[in-house]
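The values are calculated or read from the model by the stated rules, or taken from the named source; none is laboratory data. In this text the structure is predicted, and so the values were computed from the model without any measurement. Every residue, glycine among them, receives a Cβ derived from its backbone with ideal geometry; neighbour counts consider all protein chains shown.
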Amino acid sequence: MNEPYQAGSTLVTIERHILDQQKKFPGASGEFTRLLYDMALAGKIIAHATTRAGLAGVLGSTNLQNSYGETQKNLDIFADQTIFRMNDHTNRLCAMASEEHEELLDIPPRFGTGKYVLLYDPLDGSSNVDVNVSVGTIFAIHRKTTDGERGTLEDVLQPGRNLVAAGYMTYGPSTMMVYTTGQGVHGFTLDPGIGEFLLTHPDISIPEPPKYYSANHGQEKYWTHGVRRYLHWLQGIDGEGHTPLSHRYIGSMVADFHRNLLEGGVFFYPGDMRQPDKPYGKMRLMFEAQALAFIVEQAGGYASDGVSNILDIQPHNLHQRVPLFLGNRATVEIAEQFIEQHDRDWTAAYLAYRNQQQIPV
């Protein structure tokens, strides 16, 4: 059971926690530790902007579009620039990649480079900002694999299994940062009185049995037969004696995932076959799915594209999309079973898409 922070209890700041984790690796240089703290600081800045967006006049949309053809919100651009500027000069990164940009973000030539790659979705769920619904930031860190000074696409297009860290911030009634370095999952709540993240959720494990399922029912008519059967199983319609899960859907994946991580449940967004540019899914593998898959696995859960483990997918495109099912392990594995049984033609076509040859670098 996670013990909430109480006045008078021992204060563990995120900086202290990261440093304590570093002590488990005697040869650590500290670069990775400082990179994680830089992301925490970026989260504080973005949280400050989101909580006073209406007063600061940064609500609403721009006349710009991101790499997916989606209209960018003012806060999208602010969050994107904040994370980039927090990390471009530190000598810790060889490259960055953002959901808001078509190509890799190179480290400016006037700055040195390091041995890590940062991928991020600066403001997940940003369409909800104008109506005061929770949004978040997602990030993932890979270790550089090529020999050159500057990072390349090859350094970025690694399977999630190679991640060295992943995390997210959620900006809602309170601001939280949750992260893992492969040594368990830990959650921190921002205390605005002192301006610091404090450890409130140590060693998070996704509870059993699950309580909730999160899915966009508005797209149900476009789902495959196997996914519809899975939905009926979650609802207790398909399956003898199965207790139904309650439906909760915010439409901000970070917020939906965060609730299910703490309470138990499954988030899923299956393939949407209507749109040619999203042939088999909506979620971004590199900017959303990998990071959350790494986190949920560290918490005892599982993430799948409906066929196999998200963390084992070899990416072939920076903006590759995938179907996504993530949450309690047994609940996600049942989705795979329904898809295998009922969606064999879809599965064959999806695997042909997923297994395209990696982009030349």
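Odds and ends about this structure:
- Scope segment 169-191; condition assigned to a loop (DSSP other than H, G, I, E, B) and crowded, with 19+ Cβ neighbours inside 10 Å; matching residues: 172, 181
- All of 289, 299, 335, 330 fail the test of being within 30 Å of residue 103 (Cβ to Cβ) and assigned by TED's automatic domain parsing to the domain that holds residue 230, apart from 289.
- Of the listed requirements (1) in contact with a helix residue (DSSP H, G or I) (Cβ under 7 Å, 6 or more places away or on another chain); (2) at pLDDT 95 or above; (3) of a type in the set (Val, Ile, Thr), residue 347 misses just one: (2).
- Residue check: residue 157 meets all listed conditions (1) in contact (Cβ under 8 Å) with a residue 24 or more places away in the chain; (2) over 24 Å from residue 310 (Cβ atoms) but one, namely (2).
- Among all positions in segment 59-66, there is at least one residue which is closer than 24 Å to residue 173 by Cβ, in the same structural domain as residue 194 (by TED's automatic domain parsing), at pLDDT 50 or above and loosely packed, with under 14 Cβ neighbours inside 10 Å.
- In segment 209-237, the residues that are hydroxyl-bearing (Ser, Thr, Tyr) and surrounded by fewer than 15 Cβ atoms within 10 Å (Cβ to Cβ): 222
- Pairs, first in a strand (DSSP E or B) in segment 130-141, second among the polar types (S, T, N, Q), C-beta under 7 Å, six or more apart: 135/50; 135/126; 135/128; 135/252; 136/170; 136/252; 140/290
- Filtered by the rule that a residue be farther than 16 Å from residue 147 by Cα, under 21 Å from the mean Cα position of the chain (by Cα) and not hydroxyl-bearing (Ser, Thr, Tyr), segment 89-115 gives 96, 97, 99, 100, 101, 102, 103, 104, 105.
- Filtered by the rule that a residue be assigned to a loop (DSSP other than H, G, I, E, B) and closer than 12 Å to residue 90 by Cα, segment 105-119 gives 107, 108, 110, 111, 112, 113, 114, 115.
- Per the listing 194, 206, the residue uniquely loosely packed, with under 15 Cβ neighbours inside 10 Å and of a type in the set (Val, Ile, Thr) is 194.
- Considering residues of segment 75-92 that are in a helix (DSSP H, G or I) and touching a helix residue (DSSP H, G or I) at 6+ places or on another chain (Cβ under 7 Å) only, the residue farthest from residue 113 (Cα to Cα): 75
- Looking across segment 305-314, the residues that are surrounded by fewer than 24 Cβ atoms within 10 Å (Cβ to Cβ) and in contact with a helix residue (DSSP H, G or I) (Cβ under 8 Å, 6 or more places away or on another chain) come down to 307, 308, 309, 311, 312, 313.
- Residue list for segment 234-252, filter: closer than 15 Å to residue 125 by Cβ and out of contact with any strand residue (DSSP E or B) (no Cβ under 6 Å at 6 or more places or on another chain): 250, 251
- Annotation: residue 199 fulfils all but one of (1) under 17 Å from residue 254 (Cβ atoms); (2) part of a strand (DSSP E or B); the unmet one is (1).
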